[in-house]
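Derivation of every value follows stated rules applied to the coordinates shown; laboratory data play no part. No experiment lies behind these values; they were computed from the predicted model shown. Every residue, glycine among them, receives a Cβ derived from its backbone with ideal geometry; neighbour counts consider all protein chains shown.
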Amino acid sequence: MSVLKSWTGGAVLLLALAGGLRAEVTVSQSNDPIGIAQPGFAQSSLVALLSQERSGFDSVPASRISAITTAPRPKAGEAPDVLTEDWLAAQPVPAGGDQQFQCLASALYHEARGESVEGQQAVAEVILNRVDDGRFPHTICGVVHQRAGGSCQFSWACDGRSDAVRRDATYEQVAKVARAMLDGMPRSLTDGATFFHARGVRPSWSNRFVNTAEIGAHLFYRRPIQTASN
C-alpha cells in the first residue's frame, strides 16, 4: 500500500470516528500477532494508531506532500513518445548539421510544412523507414532524391522549381522535427510505412499495400507482410 493511500485511509477513519461512529471493531484471530485482544483493546489501539499517523501527517511539509502526489513530468530535453509543439518549442534550433540532416529537413519543409507536428513526424518516419529498407537507397539524401520510372519519388525534388527554403519559424520547426528523428525519436505513428499520398488522390498502388495510418492530409502505407508459401 502506498503512503498516500495509507494517509488517505487513516484520514477517512479519523473523520468517521470523530463523527460519532460507534460500530464494533473485530480483530481477526487468524493473523493477530498479539493473540486474543482484551475488550476495548482493538478500538483503543486503532484510535491511538490513527492519532499517531495524523500527527506524522501534519508534520510533513506541504511542499513534500505536493511532490508525492503530483505526477512526474518529463525531464528537460527528454523527448515524449510522440513529438508535440510544446516540446519542440523548448528545443534549440539546430545549427548547421550534416548533409543527411539537411536533406531530411528540406524534405519535411517541402512535403509537410503545412501539417501538424504529428504529420511532419509521420513523413519523417516514411523517409527513415525507406533508408532502413534494402529496396530503397541507404541514405536520406538518396531516398529524398530517388528517381523511378522517369519521375521522382518526392515530386518537389524534380518539379523544376527552386528547392530553396525560407529560414523562418516554419523551417525551424521542421528542422527540430528532423533533428529529433535523427537523434532516435521512436517511429511510433505509421507502423513501418514506406509510402504515403495526399487525401485528394488515389494512386493505383494504394490498393496493393496496407494502410497503416491517416494523419492530417496524408494516408500512409507499407507493403504486406510476406509469409512463406508451400
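Quick notes on this one:
- Kirkwood hydrodynamic radius (C-alpha pairs) into Stokes-Einstein, segment 85-189, 20 °C and 1.002 mPa s, D in µm²/s: 153
- Proximal charge balance of His110 [Cβ under 15 Å; K/R count +1, D/E count -1]: -1
- Note on Arg147 and Arg202: the model spin-label points, each 7 Å out from Cα along the C-beta direction, lie 3.2 nm apart.
- Projecting label points 7 angstrom from Cα along Cα→Cβ for Trp156 and Arg135 puts them 2.5 nm apart.
- Taken along the Cα-to-beta-carbon direction at a fixed 7 Å, the label points for Asp191 and Val82 span 1.4 nm.
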